[in-house]
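Since the structure comes first, as structure tokens, the remarks are kept for the end.
The values are calculated or read from the model by the stated rules, or taken from the named source; none is laboratory data. As the structure is a computational prediction, the values presented were derived from the model and not from experiment. So basically every Cβ, Gly included, is an ideal-geometry build from the backbone, and we count neighbours across all protein chains shown. To get the accessible areas, we keep the full protein, side chains included, count just its heavy atoms, and leave off ligands, DNA and RNA. Shrake-Rupley method; radii C 1.70, N 1.55, O 1.52, S 1.80 Å.
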Amino acid sequence: KAEYFEEEFVIPYPNLFFSFSITKGNVTGSKCFALKDAVTNVSDDSMLYHFPLANVYNSGEICWGSNNLPEIEHFSDIDFLVSLFFSCPYNEDLFDMEHLSEKYRCSQLEIFQMLSSSETFPVDMLKESGTTVGELID
């Protein structure tokens, strides 16, 4: 489910690649990118794509809004961060249609409406970020 200005949409997401930096239990960095590849085929050379909706900066850094991020004591606590990302409502903050391929340059509401009638995410919507998995990890 995705909430957009108090309206709920059931949408498919592309495969996503999250990167979290943790220092002494505190989240010091968090990024989200999309993938065209199946998660099982990801390598250092895999291209990362812009997250196609709001709440993520051009750099891939996640905007958590007013959410307080938990202290990370165990690796399994990362699951909560991913769940929190999906539970954050969408608005127009940081939505940039330039992060979509030419064919899909439209409003975020139109994207939600289109995705709500799809069973799978149309990967041709994704636009390259210019960064590979290996470059992000380095």
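See the values below:
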quantity: For Ile22, residues with placed amide H under 5 Å, excluding near neighbours; calculated: Thr28
quantity: Counted charge near Glu73, where neighbours are those whose Cβ lies closer than 15 Å (Asp, Glu -1; Lys, Arg +1); calculated: -2
quantity: Potential lengthening between Glu128 and Ser59 on full extension [0.36 nm per residue; Cα-Cα distance subtracted]; calculated: 23.6 nm
quantity: FRET efficiency, 1/(1 + (r/R0)^6) with R0 41 Å, evaluated for Phe86 and Asp45 via beta carbons; calculated: 0.90
quantity: Global form of the chain, assessed from the alpha-carbon gyration tensor, a/c cut-off 1.5; calculated: oblate
quantity: For the range 12-17, 3J(HN,Hα) per residue [Karplus equation, 6.51 cos²θ - 1.76 cosθ + 1.60, θ = phi - 60°, Hz, x = Gly/Pro]; calculated: x, 10, x, 4, 10, 10
quantity: Relative packing of peptides 71-82, 40-51 - highest average C-beta neighbours within 10 Å first; calculated: 40-51, 71-82
quantity: Residues of the range 1-132: accessible area per residue with a 1.4 Å probe, Å²; calculated: 57 Å²
quantity: Share, in percent, of DSSP beta bridges within the chain that are antiparallel, nearest 5; calculated: 95 percent
quantity: Cα centroid separation - the range 87-121 against the range 22-83, whole Å; calculated: 19 Å
quantity: Intensity falloff of the range 1-61 expressed as log10 I(q)/I(0), Debye formula with alpha-carbon point scatterers, at q = 0.25 Å⁻¹; calculated: -1.08
quantity: Those lysines that a straight Cα-Cα span of less than 22 Å connects to Lys103, excepting residues fewer than 8 apart in one chain; calculated: Lys36, Lys127
quantity: At R0 = 41 Å, FRET efficiency that the Cβ-Cβ distance of Phe9 and Asp138 yields, to 0.05; calculated: 0.70
